[in-house]
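Here is the structure we will look at, set down as structure tokens.
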Ligand code: NAP
């Protein structure tokens, strides 16, 4: 299926590794030009080189910077002639016990995982509507649907974004102009973030990282972790011409881990 993305411009935030990289890779493979961001310039440039090699017909622009800061967002936004597709992503908040968190911890989580995507949506969405095409995908977490106790900062900050998106995705000035806004909720994907979580939990519980991996994998009906590549391909479909009637939704991608009927 041709997703109709050839020549579009996508801004994919936090994309030198993991899920963001998977999204950039899939969009580029469909012919979209991509702007990718991350704080670490070296890994970001290596990813840009790999994307250009895999999809020689597209333009890949790498913008090093912290997307959770006004300066990082401004640099990313001016790197493309226009933004047709926005994939919002940033590092997730740290795990912990809410008893240890100060207002500063909360402000950082809300800034990264709620205010940053809202600012980027605000900067792009009305011009998407004027052009009659726009796709926004926010990478959130399965913790929005089924909270994870030690990820309270994530549960809270991402739920704020989810509530906001539910409202604006349905604004007639966006929805009637072929602009869709959806949230993609990863379950367990085999990325650095997931591996770092196993390492810290293993140390706390006196178990091995392999024990932690195996125990988590057992909880997933698919019997495995997801890959960044399949996550990115799902994201590319949400950005496709074909997905224009799909907006304001929370799409759980978790190998069946969420146990509910709905
Ligand atoms: P990852 O493999 O650690 O990759 C994170 C990427 O984001 C890296 O390229 C990193 O590069 C970049 N990044 C982090 N903070 C940034 C910032 N402030 N500004 C710009 N770039 C930034 O993580 P992941 O697993 O892909 O996770 C992506 C998001 O999905 C996170 O919010 C995570 O909490 C969420 N999530 C992941 C899973 C999972 O199973 N993997 C499940 C649920 C939710 P630099 O460090 O160089 O900036």
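Throughout, read-outs are computed from the coordinates displayed, never taken from laboratory work. Please read these numbers as outputs of a predicted model, since none were measured by experiment. No Cβ is skipped: glycine too gets one built from the backbone with ideal geometry, and neighbour counts run over all protein chains shown.
Starting from 0.36 nm per residue, how many nanometres of slack lie between residue 1 and residue 208 once their C-alpha separation is accounted for?
70.2 nm
With all pairs of different C-alpha atoms in the average, the Kirkwood value for the hydrodynamic radius of the chain is 18.6 Å. Highest average first, the peptides 212-224, 174-186 ordered by how many other beta carbon atoms sit within 10 Å of their residues are 174-186, 212-224.
Name the residue, out of 21, 99, 73, whose mean-square fluctuation peaks in a Gaussian network model built on the chain with Cα pairs under 10 Å. Result: 99 has the largest fluctuation of those listed.
Quick check: the angle from helix 152-168's long axis to the longest principal axis of the chain, C-alpha only, nearest 10 degrees? Roughly 30 degrees, rounded to the nearest 10. Considering only the Cα atoms of the stretch 152-235, their convex hull presents on average a projected area of 7.2 nm².
Against the chain, whose longest principal axis comes from its Cα atoms, helix 228-238 is set at around 40 degrees.
Short-range pairs are left out: with C-alpha atoms under 8 Å and at least six residues apart, the relative contact order of the stretch 164-241 is 28 percent.
Quickly rank 75-83, 118-126 as a protection proxy: mean count of other C-beta atoms within 10 Å, highest first. Before the final figure, lay out the partial values.
Details: 75-83: 16.3, 118-126: 18.1.
Highest-to-lowest ranking by the protection proxy: 118-126, 75-83.
Within the stretch 131-169, what residues put their amide N at less than 12 Å from the label point 7 Å along the Cα-to-Cβ vector of residue 118? Residues 157-168 qualify, since their backbone N sits under 12 Å from the label point. For the chain, the longest principal axis of the C-alpha atoms and the axis of helix 41-54 are separated by about 60°. The value of relative contact order for the stretch 17-65, using C-alpha pairs under 8 Å at least six residues apart, is 43 percent. Taking the helices alone, the chain has a mean residue ellipticity at 222 nm of -13500 deg cm²/dmol, built from -39,500 (n - 2.57) per DSSP H run of at least 4 residues and averaged over all its residues.
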